[in-house]
1. For region 56-69, indicate whether the set of residues that are modelled with pLDDT under 75 and on the phi > 0 side of the Ramachandran plot is non-empty.
2. Looking at Ala29, Ala23, Ala53, Ala72, can you tell me which residue is at pLDDT below 85, among the aliphatic types (A, V, I, L, M) and surrounded by fewer than 13 Cβ atoms within 10 Å (Cβ to Cβ)?
Amino acid sequence: MISVDKNNLFKLKKANDAVIDPAAADLIAEDEVIVGTYKMTGDYVIGEGDNDAAKVVRDYIVFTNRRFISAAILGLTGKTKDISFVSYRSAEAVSFETTEDLGVGLTLLVRFDGLGLVKFQFEKAEDVILIGKAIGSFWVSGFLFRQGSG
């Protein structure tokens with residue numbers, strides 16, 4: 001279950017696709033394209049409530065052209081994993097937020113049905129633009145598909 005800090009904020013730093021765990025890589029469809037892979041920085045928790053929470057370490061997010069995949073590698077050995085994904089189909093609204101702080105790029109804000117507002121804070125603005133395009137393309141193709149099938 002995806003649960004971030006109390007502000008629903010993922011602080012992200014660009015990473016190489018090589019960090020993707022094989023269990024998460026198996027979830028990526030053959031025709032799905034990786035838009036970006038990011039290591040999370042900061043303290044995050046996995047679980048549905050305070051009693052279920054465990055501190056997340058070695059965690060990352062993969063953005064594809066269809067969804068984002070959140071992977072939390074837990075425990076000392078890293079054998080315990082929580083891999084969750086959210087389809088862009090459940091995104092209700094998307095916006096970008098700039099900041100005056102030095103060293104912080106843009107924040108992508110996405111309101112997901114059933115999950116609420118999630119903020120993805122990127123170091124570089126161009127990262128947000130690529131992911132915003134992927135979400136927009138997914139929405140447009142889904143809209144055109146629904147219009148053509150009716």
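The values are calculated or read from the model by the stated rules, or taken from the named source; none is laboratory data. Here the structure is a predicted model, which means the values were calculated and not measured. Here the Cβ positions follow ideal geometry from the backbone for every residue, glycine too, while neighbour counts run over all protein chains shown.
1. From region 56-69, those modelled with pLDDT under 75 are 56-58; that's our starting set.
Adding the requirement that they be on the phi > 0 side of the Ramachandran plot leaves 58.
Looking for residues that are modelled with pLDDT under 75 and on the phi > 0 side of the Ramachandran plot, one finds at least one in region 56-69, hence yes.
2. Details: Ala29 fails: at pLDDT below 85; Ala53 fails: surrounded by fewer than 13 Cβ atoms within 10 Å (Cβ to Cβ); Ala72 fails: surrounded by fewer than 13 Cβ atoms within 10 Å (Cβ to Cβ).
After ruling out the rest, the residue left standing is Ala23.
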